[in-house]
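I have placed the structure first, in the form of structure tokens, so that the comments after it can refer back to it.
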Amino acid sequence: MKVYTVQRLAAYHKLREQGFLIGDEKYVWDEFKEPYHWMMKQIVKRIEGYNGIDYPIWLWRTRVDRNSSGHFSKGTKGVILTLEIPDDQILWSDFDLWHCVLNNGSLSGSEEEENELEESGENIEYTWERIFDFDWLSNADSKWVGEYDESNLQGVTPIITMDMVKKVTRFIAKGSKY
């Protein structure tokens, strides 16, 4: 499957030198480490051969806009890699609803379910797995969950190898809101 990832130029150099690239914990904000670890457990459950230790690489189905302000700080040298990765090596999730995981919030399907979760004090993590359930998302109450949009999917993969790279587009970040 054709996908895209945004990486620092140094990461691309590392990919070329060693022949593969895995995610790097040093680029994960401290407050996102627990959600990343949750995602890594999900990858273990869903992608055969993943070791559960290496941080994932984030992917997109549609070409990334290199002029978007959300990638890197101004002046950072980056690349957009066009990749060909087997579909069974990608775990897709809903980008917007991933923020429920990042913010430690529940992903309930209705106000009633939300109230039940709050009253029960039950662990909400089981609701997070809904970010992978596209049937559930497409049938959920859009007024509560939001409109399901397949173009809004993000993916993670355990590793990128040099043979997966089909095109490299270099850029210098114009700025960031972060």
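Comparison of Lys33, Lys45, Lys41, Lys26 shows that the only residue that is free of Cβ contacts under 8 Å to residues at least 40 places away in the same chain and in contact with a helix residue (DSSP H, G or I) (Cβ under 8 Å, 6 or more places away or on another chain) is Lys33.
Taken over the stretch 1-37, the residue count meeting the criterion of being in a helix (DSSP H, G or I) and closer than 16 Å to Ile90 by Cα is 1.
Could you check, for the stretch 10-23, whether at least one of its residues is surrounded by fewer than 19 Cβ atoms within 10 Å (Cβ to Cβ), within 16 Å of the chain's Cα centre (by Cα) and among the aromatic types (Phe, Trp, Tyr)? No, the conditions are met nowhere in the stretch 10-23. Here Thr82 passes the criteria (1) in contact (Cβ under 8 Å) with a residue 40 or more places away in the chain; (2) more than 26 Å from Gln7 (Cβ to Cβ); (3) β-branched (Val, Ile, Thr) except the one numbered (2).
Would you be able to say whether some residue in the stretch 107-114 is crowded, with 17+ Cβ neighbours inside 10 Å and acidic (Asp, Glu)? Yes, there is a match, as at least one residue in the stretch 107-114 is crowded, with 17+ Cβ neighbours inside 10 Å and acidic (Asp, Glu).
Within the stretch 133-149, the set of residues being crowded, with 17+ Cβ neighbours inside 10 Å and either free of Cβ contacts under 8 Å to residues at least 24 places away in the same chain or within 18 Å of the chain's Cα centre (by Cα) (or both) comprises Leu137, Tyr148.
Here is a check on your reading of the model: is Ser108 part of a loop (DSSP other than H, G, I, E, B) and of a type in the set (Ser, Thr, Tyr)? Break it down into steps so the answer makes sense when it comes.
On the way: part of a loop (DSSP other than H, G, I, E, B): yes; of a type in the set (Ser, Thr, Tyr): yes.
The answer is yes for Ser108.
On the basis of being modelled with pLDDT under 95 and farther than 17 Å from Leu153 by Cβ, does Gly19 make the cut? Spelling it out, it is not the case that Gly19 is modelled with pLDDT under 95 and farther than 17 Å from Leu153 by Cβ.
Is it true that Asn152 is without any contact (Cβ under 8 Å) to a residue 12 or more places away in the chain, of a type outside the set (Ser, Thr, Tyr) and either in contact with an Asp or Glu (Cβ under 9 Å, 6 or more places away or on another chain) or exposed (fewer than 13 other Cβ atoms within 10 Å of the Cβ) (or both)? No: the conditions fail for Asn152. Only a single criterion out of (1) under 22 Å from Phe72 (Cβ atoms); (2) under 20 Å from the mean Cα position of the chain (by Cα) is not satisfied by Arg170, namely (2). Given (1) out of contact with any Cys (no Cβ under 7 Å at 6 or more places or on another chain); (2) among the hydrophobic types (A, V, I, L, M, F, W, C); (3) at pLDDT 95 or above; (4) not in a helix (DSSP H, G or I), where does Phe171 come up short, assuming only one miss? The one condition Phe171 does not meet is (3). Using the structure shown, decide if Ile124 is without any contact (Cβ under 8 Å) to a residue 24 or more places away in the chain, surrounded by 15 or more Cβ atoms within 10 Å (Cβ to Cβ) and within 24 Å of Lys41 (Cα to Cα). Considered against the rule, which asks whether it is without any contact (Cβ under 8 Å) to a residue 24 or more places away in the chain, surrounded by 15 or more Cβ atoms within 10 Å (Cβ to Cβ) and within 24 Å of Lys41 (Cα to Cα), Ile124 comes out as yes. Just to be sure, is Leu83 surrounded by 13 or more Cβ atoms within 10 Å (Cβ to Cβ) and in a strand (DSSP E or B)? Here the answer is yes, as Leu83 does meet what is asked.
The values are calculated or read from the model by the stated rules, or taken from the named source; none is laboratory data. Bear in mind the structure is a predicted one, so any value in this text is a computation, not a measurement. Heads up, the Cβs are rebuilt from the backbone with ideal geometry, glycines too, and the neighbour counts pull from every protein chain shown.
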